[in-house]
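Q: I am attaching a structure below and will ask some questions about it afterwards.
The values are calculated or read from the model by the stated rules, or taken from the named source; none is laboratory data. The model shown is predicted, which means the values in this text are computed figures rather than measured ones. We place every Cβ from the backbone using ideal geometry, glycine too, and count neighbours over all the protein chains shown. Side chains are part of the model used for accessible areas, which takes the heavy atoms of the whole protein and leaves out ligands, DNA and RNA. Shrake-Rupley method; radii C 1.70, N 1.55, O 1.52, S 1.80 Å.
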Amino acid sequence: MFKITNDTCSLFYQIPDSLLSSIIEVSVDKYDRFFISSTVLFELLPDKSIRVLDKFDLNRALFYKDADEIINGFGIQKSGSIEGFRITEDGYEAFPYFVNQISPSPIEKISVFMDGDRTFLFEGLTGKIYQVEGREINEISQLTLNNNRSTIYSIMGEFWIPNITLGLNQINDIHFPNKQQTAIFDHFKISAYCIDNENNILFGTFKDGIIVVPKSQISSVDLGELNTKINLISLGANDEILFATHDGQFGKIDSEGRLLENYGQLHTSTIEFLEYLKYHDKFILGGLTTSIIDARSNEISNPKMGAMKNLVTVRHGQYIITTNIETYIYNPNDTVYDPFKKTRDIVSRTAHHRIFSGRSYTAAFDSIHSNIYVGTSIGLKLIDSTGTYSLKFKTYDILCRDIMYCKGRIYVASDKNGVLIYENGILIENWTIENRLVSNNTRKLLYNQDYIFINTDKGIQIVDYSGNTFYFLNKSEGLFTNHVIDMVVINDQLIVLNQTGVQKIDLKVLQTNEFVPNIRFNSLKMNGKPIADVFSIGNYDYNENKFEADFGSISLKNDAENAYIYISKFAMLVRTTLTHSDKDFIDFTDEVKSLTLYLTLEKLRFKSAFEFSISAPEDIEVQIPPMLIQPFIENSLVHGLLHKSGQKN
């Protein structure tokens, strides 16, 4: 067993061979007493001697802590009985439990997990889940969907099953564990987890290190009895969310994810288009056929509308609809008015009036300047009362993924050029990775009163109306995947759809990303050849390959040991800087530690030509602003010692 303090790892205790087990559990109580469960349950005393407390025949002792931070646990005897224990300040207490089963089955392989003040047992061989109530253990459900199971993790109100093979499966309701399981980290073998003091989740893996999931305000949406995948979401009336499924079902959920209504299977195939006609209180569904549903009477009609791609509102209670062959103005009342005029001038006595001929994907209406923007297969078009015009970017046609009108401006999401912002047909701003965005591949745009939401291939970037980043949501923040299919905003909730399921983000509790470090390599080489894509490396073996990393002023070539030391120290310096960045003052001793890290990195850069020492009183108790001293030292090195020949001290 090892103990890690700061960056130092040292041997803490060697379990005797006679007590070794394939699985070992450790727990420390509030009195700083150290307990270990292997072949026996024992206390590790301060002098590293042991005191055996108990032995269980079929299962190692399982620890958990109650609300008073007292260690409790379970073990199984040969008779199949479950014995409980409690380790108090005064001593060790053991007692039997009475087990109530729905159907009799052996209990041989158990694990324990907690949800708040509730304690549960999971029997891995049968998949049965038990809840502990007093001195009784009652069967409440059985996991049958997934046979690759060993335990269940309860993490901040959600339940996760680590697979024996790879990944984790999430379940929303412990009483119905086989409903709508969600899989994540399917490339990793998860071995353990813990939650730190800041509620970040750390997953341990076999051979792939530790996965850190930062504290997140993202939660999954439980869709109840709906046992099919959702492929579309859209905003309905009264803060309702419309959804459509791959097998043709259509329904409504509220902003909390509760299922309000399921209209059933309205199409025999995938529903590919879903919108709410707010002027007429109707739903429009597209696919192989088109269905329009009256929200009040539930009457359904099936007009011919084409393969619809996008729908936005326009003047006079009408809609702009883009399809695979055209863009047209649509009015269910069979009279189309001129959308460019505020007066009701009739242009057609039918429900459709074409304004552009050709494959179209998305559109937006600028109500202030009375023009329509359409994203087509041949570029971005501006349509007004005088005609149709092409809008280009640096002489190139613009391929639009989405167009949004907001506060007098048109925002265009493109697949290569980031977000283009127009005002009355004139490009006034371009947000790209050079100035605002995490990616130039933008896919969908939304807004509320405070922010613009940009769906990119790297996640969802939330910015203010000047383009300054407020928050960035991606897989490491809790999204199932960075590939977001659709999203809607309701009040202070962002609802996100991806291939795995539906998630909601509470926007009120997101904190501003005040500091986003940008770390760049000048070059990466393996065996002398530049690496264009880090994902092309595959399984890297430093004993067989030569790796070269250039950080600009330092190049560690064919020096595996120093390269490892440099990157480890550099990572620690970054973590320290981030920790100090939101503090007005830090302890002087912490500043000295940061300086030592920084100078150690510089020593690697200068190699044997540079030596340093720091003289500071050990017992000084004073606080200073962070990074107060380091800039002066860096200035001395860069502008002084760097150009000095010979030894640098």
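Q: Decide, for the range 233-328, between rounded, prolate and oblate: order the square roots of the alpha carbon gyration tensor eigenvalues as a ≥ b ≥ c, take rounded if a/c falls under 1.5, and otherwise choose prolate if a/b is larger than b/c, else oblate.
A: On the way: a/c = 1.68, a/b = 1.22, b/c = 1.38.
Judged from the Cα gyration tensor, the range 233-328 comes out oblate (a/c at least 1.5, b/c at or above a/b).
Q: Could you let me know the centre-to-centre spacing of the range 450-484 and the range 1-54, using Cα atoms, in angstrom?
A: The range 450-484 and the range 1-54 have Cα centres spaced 44 Å from each other.
Q: Moving on to the next point. How long is the gain from residue 237 to residue 254 if the chain were fully straight, where each residue apart is worth 0.36 nm and the alpha carbon distance is subtracted?
A: So the extension gain works out to 5.1 nm.
Q: Could you work out how far the C-alpha centroid of the range 393-423 sits from that of the range 106-129, in angstrom?
A: 54
Q: Another question, then. Rounded, prolate or oblate: which one fits the range 383-432, using the alpha carbon gyration tensor with axes a ≥ b ≥ c (rounded when a/c is under 1.5, else prolate when a/b beats b/c, else oblate)?
A: Values: a/c = 1.72, a/b = 1.22, b/c = 1.41.
Cα axes put the range 383-432 in the oblate bin.
Q: So if I take the centroid of the Cα atoms in the range 351-387 and the same for the range 271-301, what is the distance between those two points in Å?
A: 23
Q: Put a dot 7 Å past each Cα toward the Cβ at residue 54 and residue 165; how far apart are the dots in nm?
A: In this crude label model, residue 165 to residue 54 measures out at 3.7 nm.
Q: Moving to a separate point now. Can you give the FRET efficiency to the nearest 0.05 for residue 457 and residue 6, using r as the Cβ-Cβ distance and R₀ = 41 Å?
A: Result of the calculation: an efficiency of 0.65.
Q: Another one. Exactly which GluC sites (Glu not before Pro) in the range 271-361 are in a DSSP loop and have at most 15 other Cβ atoms within 10 Å?
A: Details: sites: 272, 275, 299, 326; in loops: 272, 299.
For GluC sites (Glu not before Pro) across the range 271-361 that sit outside H, G, I, E and B with at most 15 neighbouring Cβ atoms in 10 Å, the list reads 299.
Q: Also: What net charge do the residues around residue 379 carry, taking every other residue with its C-beta under 14 Å from that of residue 379, with Lys and Arg at +1 and Asp and Glu at -1?
A: Once all neighbours under 14 Å are counted, the net charge is +4.
Q: Each label point is 7 Å from the Cα along the Cα-to-Cβ direction; what then is the distance between the points at residue 175 and residue 95, in nm?
A: Placing both labels 7 Å along Cα→Cβ, they lie 2.7 nm apart.
Q: Same structure, new question: For residue 493, what charge total do you get from the other residues with a beta carbon under 13 Å from its beta carbon, if Lys and Arg give +1 and Asp and Glu give -1?
A: Around residue 493, the charge tally is -3.
Q: Can you send over the carbon and sulfur percentage of the accessible area for the range 297-455, probe radius 1.4 Å, protein chains only?
A: 46
Q: Oh, and also: Say the cut-off is 23 Å between C-alpha atoms; which of 309/444; 475/504; 394/475; 252/278; 229/278 go over it?
A: 394/475; 229/278
Q: With a Förster radius of 35 Å, plug the Cβ-Cβ distance of residue 475 and residue 43 into 1/(1 + (r/R0)^6) and report the FRET value to the nearest 0.05.
A: After rounding, the FRET efficiency stands at 0.25.
Q: Continuing with the same structure: Could you state the accessible area per residue of the range 421-514 in Å², with a 1.4 Å probe and every protein chain left in place?
A: Dividing the accessible area of the range 421-514 by its residue count gives 41 Å².
Q: I would also like to ask the following. At q = 0.15 Å⁻¹, what log₁₀ I(q)/I(0) does a Debye calculation on the Cα points of the range 401-513 give, no solvent, two decimals?
A: -0.59
Q: Could I ask something else about it? At residue 439 and residue 247, where each label point lies 7 Å from the Cα along Cα→Cβ, what is the point-to-point distance in nanometres?
A: A separation of 3.1 nm, rounded to one decimal place.
Q: Mind checking the full-extension length gain between residue 634 and residue 335? Use 0.36 nm per residue of separation minus the Cα-Cα distance, one decimal, nm.
A: 100.4 nm
Q: Write down Rg/Rh for the range 6-94, rounded to two decimals, with Rg from the C-alpha atoms and Rh from the Kirkwood relation over Cα pairs.
A: 0.98
Q: Compute the length gained on full extension between residue 297 and residue 359: take 0.36 nm times their separation in residues and subtract their Cα-Cα distance, giving the result in nm to one decimal.
A: Additional length available on full extension: 18.9 nm.
Q: Another question, if that's okay. Please give me the summed charge of the neighbours of residue 409: other residues whose Cβ is under 10 Å from its Cβ, Lys and Arg +1, Asp and Glu -1.
A: The answer is -2.
Q: Round to the nearest 0.05 the FRET efficiency obtained for residue 142 and residue 229 when R0 = 22 Å and r is the Cβ-Cβ distance. Working shown, then result.
A: Working: r = 24 Å, r/R0 = 1.11.
Between residue 142 and residue 229 the formula returns 0.35.
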